[in-house]
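K.L.:
Submitted below is the structure of interest, expressed as structure tokens.
The values are calculated or read from the model by the stated rules, or taken from the named source; none is laboratory data. Note that the structure is a prediction, hence the values are computed from the model and not measured. Cβ placement follows ideal geometry from the backbone for every residue including glycine, while neighbour counts extend to all protein chains displayed. Quick note on the areas: whole protein, heavy atoms, side chains included, nothing else; ligands and nucleic acids left out. Shrake-Rupley method; radii C 1.70, N 1.55, O 1.52, S 1.80 Å.
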Amino acid sequence: MELRPIAVNRVAHAGLGIVPGVLAVGEGVGATGVADRVTAGVIAALCAVLGVRGYRLGVRCAAGRLTVRGWFWTRTIERHRVTEITGFPAVRWTAPSGRRRWTPVTAFMSDGGELAVVRRSKRDNRAALRRWAAGRGR
């Protein structure tokens with residue numbers, strides 16, 4: 001089961017990386033020095049990566065594992081290690097070493113100032129994630 005934000009949210013998340021990248025390209029084009037152009041190019045490339053990762057934010061719930069795709073990393077957690085899905089939302093889990101960990105699910109965070117359809121979608125995705133963690137999901 002794939003849990004993703006709705007399309008408008010996915011585009012907004014991608015824009016957080018793409019817009020600064022486009023601005024960096026514009027600065028690079030207008031730059032006169034090699035170092036300035038290289039810096040702008042590196043920034044644009046990093047922003048492109050963040051744009052793609054922002055678009056792909058979400059959670060994949062498979063039979064025995066959960067994969068959380070975030071802005072900077074992707075974490076895979078075995079279902080039996082999940083102890084709780086918090087309201088933040090985040091996944092609380094126990095590492096094989098016994099250490100307690102948590103992984104935020106940035107795709108479904110809500111600030112209350114969103115459109116009702118966006119807030120409802122995030123709430124539904126958090127509920128589906130909780131059902132999966134409890135063993136009642138698909």
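K.L.:
What's the longest piece of the chain with no exposed chymotrypsin sites (Phe, Trp or Tyr not before Pro), counting a site as exposed if DSSP puts it in a loop and it has at most 13 other beta carbons within 10 Å?
P.N.:
1-71
K.L.:
Placing +1 on the Cβ of each Lys and Arg and -1 on the Cβ of each Asp and Glu in the chain, which of A45, A95, V34 has its Cα farthest towards the positive end of the resulting dipole?
P.N.:
A95
K.L.:
Once you sort the root eigenvalues of the Cα gyration tensor of region 37-138 as a ≥ b ≥ c, which label holds: rounded (a/c under 1.5), prolate (a/b larger than b/c) or oblate (the other case)?
P.N.:
Note, shape of region 37-138 comes out oblate.
K.L.:
Another question, if that's okay. Once amide H atoms are built 1.01 Å from N in the peptide plane, which residues 5 or more positions from R65, or in another chain, come under 5 Å H to H?
P.N.:
For R65, the qualifying residues are R79.
K.L.:
Explain nothing, just compute: Karplus ³J(HN,Hα) = 6.51 cos²θ - 1.76 cosθ + 1.60, θ = phi - 60°, for every residue of region 73-81 in order, whole Hz, x for Gly and Pro.
P.N.:
These are the phi-based 3J(HN,Hα) values: 8, 10, 10, 10, 10, 6, 4, 5, 8 Hz.
K.L.:
Pairing the Cα long axis of helix 34-55 with the longest principal axis of the chain, what angle in degrees results, from 0 to 90 and rounded to the nearest 10?
P.N.:
Its long axis makes an angle of about 30 degrees.
K.L.:
What does the C-alpha gyration tensor say about the overall shape of region 84-138? Classify as rounded when a/c is under 1.5, otherwise prolate if a/b is larger than b/c, or oblate.
P.N.:
oblate
K.L.:
How about region 84-130: which trypsin sites (Lys or Arg not before Pro) there lie in a loop by DSSP and see at most 12 other Cβ atoms within 10 Å?
P.N.:
Hits after loop and neighbour filter: R99.
K.L.:
I've got another one for you. To the nearest 10 Å², what's I18's accessible area with a 1.4 Å probe?
P.N.:
Approximately 80 Å² for this residue.
K.L.:
Whole number in Å², please: accessible area per residue of the chain, 1.4 Å probe, ligands, DNA and RNA not counted.
P.N.:
59
K.L.:
Rounded to the nearest 20 debye, what is the charge dipole size of region 31-138 about its Cα centre when +1 sits on each Lys and Arg Cβ and -1 on each Asp and Glu Cβ?
P.N.:
It works out to roughly 640 debye.
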